[in-house]
Amino acid sequence: MSISIEFLLKHIRPIGLSGYTTFCSSELTTFLVDSLGFGLQDVVIIYAAWRGVALSDKYSADVVECAKDVSNARWSFLQQTSGSTVMFLDGTQLQDLSNANLSQSFTWRPASPIAVAVTIDGTHGGHRICWEAEGFSGNTDGNGKIVHFSGLI
């Protein structure tokens with residue numbers, strides 16, 4: 001997988017059943033349990049919440065609430081940033097991004113637009129929604145794993 005698990009947790013959530021199935025992989029489960037210390041029951045609860053959002057309408061308030069939860073969790077454990085963007089990717093997009101061979105500084109354009117991306121403002125907590133983004137730009141580490149989100153395109 002060319003996506004670091006940390007990047008996945010900070011910037012991506014699934015949309016649609018195929019997105020959910022692809023996103024909630026054994027690799028992610030192992031990371032949540034072994035690296036972050038969640039119990040298996042906690043993971044079941046987390047996955048159920050992600051499934052609910054993934055299967056909801058992309059125009060629902062659930063998508064924005066999910067992005068707020070991701071951002072707040074991120075800021076609780078890591079440094080506060082000026083904003084936090086969460087992209088909702090389907091199964092095909094997740095597979096394509098996972099298999100992409102990206103340069104250190106890259107722009108990724110999936111075959112179909114990103115259905116919805118939500119940016120939460122780190123100062124006042126407001127949000128901005130982007131429908132049908134063409135893709136995003138970011139950076140990889142020395143091993144070719146995506147580690148940084150620069151912006152939507």
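What about Leu40, is it within 18 Å of Ile146 (Cα to Cα) and not β-branched (Val, Ile, Thr)?
Here the answer is no, as Leu40 does not meet what is asked.
Please verify whether the stretch 73-86 includes one or more residues that are β-branched (Val, Ile, Thr) and assigned to a helix (DSSP H, G or I).
no
Has the stretch 14-22 got at least one residue that is touching a Gly at 6+ places or on another chain (Cβ under 7 Å), open to solvent by 30 Å² or more (accessible area, probe 1.4 Å), among the hydroxyl-bearing types (Ser, Thr, Tyr) and under 27 Å from Gly142 (Cβ atoms)?
Yes.
Within the stretch 66-81, can one find any residue that is out of contact with any Ser or Thr (no Cβ under 9 Å at 6 or more places or on another chain), surrounded by fewer than 18 Cβ atoms within 10 Å (Cβ to Cβ), touching a residue at least 12 places away in the same chain (Cβ under 8 Å) and acidic (Asp, Glu)?
Looking through the stretch 66-81, none of the residues is out of contact with any Ser or Thr (no Cβ under 9 Å at 6 or more places or on another chain), surrounded by fewer than 18 Cβ atoms within 10 Å (Cβ to Cβ), touching a residue at least 12 places away in the same chain (Cβ under 8 Å) and acidic (Asp, Glu).
Pick from the stretch 11-47 the residues that are among the small types (Gly, Ala, Ser), within 16 Å of the chain's Cα centre (by Cα) and part of a helix (DSSP H, G or I): which of them is farthest from Asp96 (Cα to Cα)?
Gly16
Do you know which of the residues in the stretch 87-113 that are assigned to a strand (DSSP E or B) and either of a type outside the set (A, V, I, L, M) or at pLDDT below 95 (or both) is surrounded by the most Cβ atoms within 10 Å (Cβ to Cβ)?
Phe88
The values are calculated or read from the model by the stated rules, or taken from the named source; none is laboratory data. Because the structure is a prediction, the values reported are computed rather than measured. Cβ sites come from the backbone with ideal geometry, for glycine too, and all protein chains shown count toward neighbours. Side chains included, ligands, DNA and RNA excluded: accessible areas come from the protein's heavy atoms. Shrake-Rupley method; radii C 1.70, N 1.55, O 1.52, S 1.80 Å.
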